[in-house]
Amino acid sequence: MNTTTTLATEDIRRVKALGFLQDKTTADCFNGRVITRNGKITAEEMTAIAEAARRFGSGEIAMTTRLTCEIQRVPYDSIEPLRAFLADYGLMTGGTGARVRPVVCCKGTTCQYGLVDAYALSREIHDRFFVGWRDQKLPHKFKIAVGGCPNNCVKPDLNDIGIVGQRVPAHDMDKCRGCKLCQIQKACPIGVSYLGDGKLVYDSERCNYCGRCVERCPFGVVSAEKQGYRVYIGGRWGKHTATGRPLAPVFTDKDEVLAVIERALTLFRDQGEAGERFSDTVARLGFDTVQAQLLAH
């Protein structure tokens with residue numbers, strides 16, 4: 001292991017802002033983060049990343065928790081040639097600093113449980129906020145995750161903002177026949193719908209709106225009231241943790257979700273204090289105060 005560097009601190013900071021983190025095991029080498037937009041890249045892009053790793057790095061690629069591809073051990077003098085090579089394929093490096101971080105998403109509607117197209121929404125968020133807000137300095141890093149359903153595979157509620165696909169059920173209890181083998185009870189994965197005294201009981205306070213009960217009853221007891229998105233704010237994971245809290249409405253319009261994200265970023269930029277995470281800002285200002293600002297039109 002050789003950790004001696006010949007580089008100035010200013011040079012190390014400069015390339016970190018470009019997405020190249022110093023490799024502490026190799027002198028004057030860096031691990032470069034290639035942005036995948038939403039975790040999905042083409043075969044041509046993957047080939048380009050592999051070739052870049054072979055030409056300019058150690059030939060190894062690591063996957064980060066923010067769905068970026070990290071090219072390992074790139075010498076300092078190879079950073080700009082690497083970035084130029086990737087740019088020819090429409091790829092960029094980055095994902096560090098006190099700004100919007102790479103967006104994380106799940107498979108969305110390609111999964112059997114997906115309620116919303118997480119890939120499409122994440123790509124819009126990437127274009128509008130990761131790229132569009134690249135020059136906006138924030139009090140701290142800001143992480144966004146999109147989950148297609150309440151299975152929460154990408155932990156949306158542990159991000160500064162998390163979006164979760166929702167299907168809100170509507171119940172017509174007059175149609176319930178109290179079937180011995182209730183299809184709604186069988187379909188509910190968290191036990192909020194169950195038979196009690198010969199009739200279906202629905203605990204709306206505990207329902208996570210996964211929608212698996214919708215249209216399962218042959219007599220039409222459960223249908224879909226609406227389908228959309230729930231937005232969580234103020235989550236974080238790391239040295240300090242916080243679980244995000246959901247805003248009151250279930251949004252049915254994707255553009256409303258994008259507007260809430262923009263208001264949250266603006267609030268964080270203008271009202272956040274240097275060095276604090278968004279969860280700290282929410283706690284300091286108060287959840288109700290922040291929610292009122294985010295829902296204002």
Right, S58: out of contact with any helix residue (DSSP H, G or I) (no Cβ under 9 Å at 6 or more places or on another chain) and small (G, A, S) or not?
yes
Just one of the numbered conditions (1) farther than 30 Å from Y209 by Cα; (2) in contact with a Pro (Cβ under 9 Å, 6 or more places away or on another chain) is not true of W133; which one?
(2)
Tell me yes or no: at least one residue of region 152-173 is modelled with pLDDT of 95 or more, within 17 Å of G94 (Cβ to Cβ) and either hydrophobic (A, V, I, L, M, F, W, C) or not in a loop (DSSP other than H, G, I, E, B) (or both).
no
For region 129-185, the count of residues that are under 10 Å from the mean Cα position of the chain (by Cα) and among the β-branched types (V, I, T) equals 6
Kindly list, by first and then second residue, each pair from a residue in region 99-112 that is closer than 13 Å to N152 by Cβ and in contact (Cβ under 8 Å) with a residue 24 or more places away in the chain to a residue that is of a type in the set (K, R) and in a loop (DSSP other than H, G, I, E, B), limited to pairs with Cβ atoms under 7 Å and residues at least 6 apart or on different chains.
V104/R66
Any idea how many residues of region 269-291 are free of Cβ contacts under 8 Å to residues at least 12 places away in the same chain and either surrounded by 15 or more Cβ atoms within 10 Å (Cβ to Cβ) or outside the structural domain of K141 (by TED's automatic domain parsing) (or both)?
1
From the set of residues in region 17-40 that are under 19 Å from S58 (Cβ atoms) and basic (K, R), which is nearest to the chain's Cα centre (by Cα)?
R33
Condition first: among the acidic types (D, E) and either buried (at least 17 other Cβ atoms within 10 Å of the Cβ) or more than 19 Å from the chain's Cα centre (by Cα) (or both). Now tell me which residues in region 246-268 satisfy that.
none
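The values are calculated or read from the model by the stated rules, or taken from the named source; none is laboratory data. In this text the structure is predicted, and so the values were computed from the model without any measurement. Positions of Cβ are generated from backbone atoms using ideal geometry, with glycine treated the same way; all protein chains shown enter the neighbour counts.
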